[in-house]
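See below for the structure under consideration.
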Amino acid sequence: MENSAPDKGQEINFDDLRAAPRFALLIRSAKLICDKGEYLCIVRDVSATGVRLRLFHPLPAQDQIVLELATGERFPIEPVWEREDHAGFRFVGDIDVQRFINEKGAYQKRPLRLSIRFPATVQVGEQSVDITICNLSREGARIESDHLFARGQKLKIQARGLPTLMGIVRWRRAPDYGIVFQQLFTFEELARLATTLQPIAGAPTGPATKLIGTRCA
């Protein structure tokens, strides 16, 4: 990958950016973690030196970024170029490309969750209960609340930046509860919601700089 981003008006020849053999992944879901928050993306291809991502938002103005796969493995990366809904990044350090492609790791592949905290309310009968949404995925969310909810209880969740969500309490370890949505988000819907919700939630706890050089095995 080139060391400098091309001018915005300049046409990009992707062949010129391939300094190392590159493997097409087609579609591989992942997320970007930085001081600005967490954002979903899709890995399109990868080499030993860098990776090309499909984005659903303008790239945050951030030099230190971590790419996290569905297995929890994390790779510090640096932005190199951006064009419309794609961007190229350089890996900080060496990686095992085959391991990356196969998503090998100590953890099983699981749905990606956005670690994001923001206030919401739950309608319980005629009562409105304040809760905090702690993370969000296509299938559900983890919430915190001083109110006691029962397993299997149906909830109507409302929050700024979110559509009204209907969910069911799947598990509880008060004050934490796991909610499963009755209607799932598409990957793109959740990716675009992340852009809307980050300013509401503010920066997540712990800067991305603490993640640089670490990797979940």
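The values are calculated or read from the model by the stated rules, or taken from the named source; none is laboratory data. This is a predicted model, so every value here is computed, not measured. Cβ sites come from the backbone with ideal geometry, for glycine too, and all protein chains shown count toward neighbours.
Quick check: anything in region 154-168 touching a strand residue (DSSP E or B) at 6+ places or on another chain (Cβ under 9 Å), assigned to a strand (DSSP E or B) and under 16 Å from Ala194 (Cβ atoms)? Steps first, please.
As a first pass, look at region 154-168 and keep what is touching a strand residue (DSSP E or B) at 6+ places or on another chain (Cβ under 9 Å): 154-162, 164-168.
Those left that are additionally assigned to a strand (DSSP E or B): 154-158, 165-168.
Checking the rest, the ones that are also under 16 Å from Ala194 (Cβ atoms) come to 165.
Yes, region 154-168 contains at least one residue that is touching a strand residue (DSSP E or B) at 6+ places or on another chain (Cβ under 9 Å), assigned to a strand (DSSP E or B) and under 16 Å from Ala194 (Cβ atoms).
Cβ-Cβ distances below 6 Å connect the following pairs, each with a first residue in region 180-191 that is in a helix (DSSP H, G or I), a second residue that is among the aromatic types (Phe, Trp, Tyr), and a separation of six or more residues or different chains: Ala191/Phe56.
Kindly check whether there is at least one residue in region 136-151 that is in the same structural domain as Gln183 (by TED's automatic domain parsing), in contact (Cβ under 8 Å) with a residue 12 or more places away in the chain, basic (Lys, Arg) and surrounded by fewer than 16 Cβ atoms within 10 Å (Cβ to Cβ). Within region 136-151, one or more residues are in the same structural domain as Gln183 (by TED's automatic domain parsing), in contact (Cβ under 8 Å) with a residue 12 or more places away in the chain, basic (Lys, Arg) and surrounded by fewer than 16 Cβ atoms within 10 Å (Cβ to Cβ).
Could you say whether any residue in region 106-115 is touching a Leu at 6+ places or on another chain (Cβ under 7 Å), within 24 Å of Arg192 (Cα to Cα) and either at pLDDT below 90 or assigned to a strand (DSSP E or B) (or both)? Taking every residue of region 106-115 in turn, at least one turns out to be touching a Leu at 6+ places or on another chain (Cβ under 7 Å), within 24 Å of Arg192 (Cα to Cα) and either at pLDDT below 90 or assigned to a strand (DSSP E or B) (or both).
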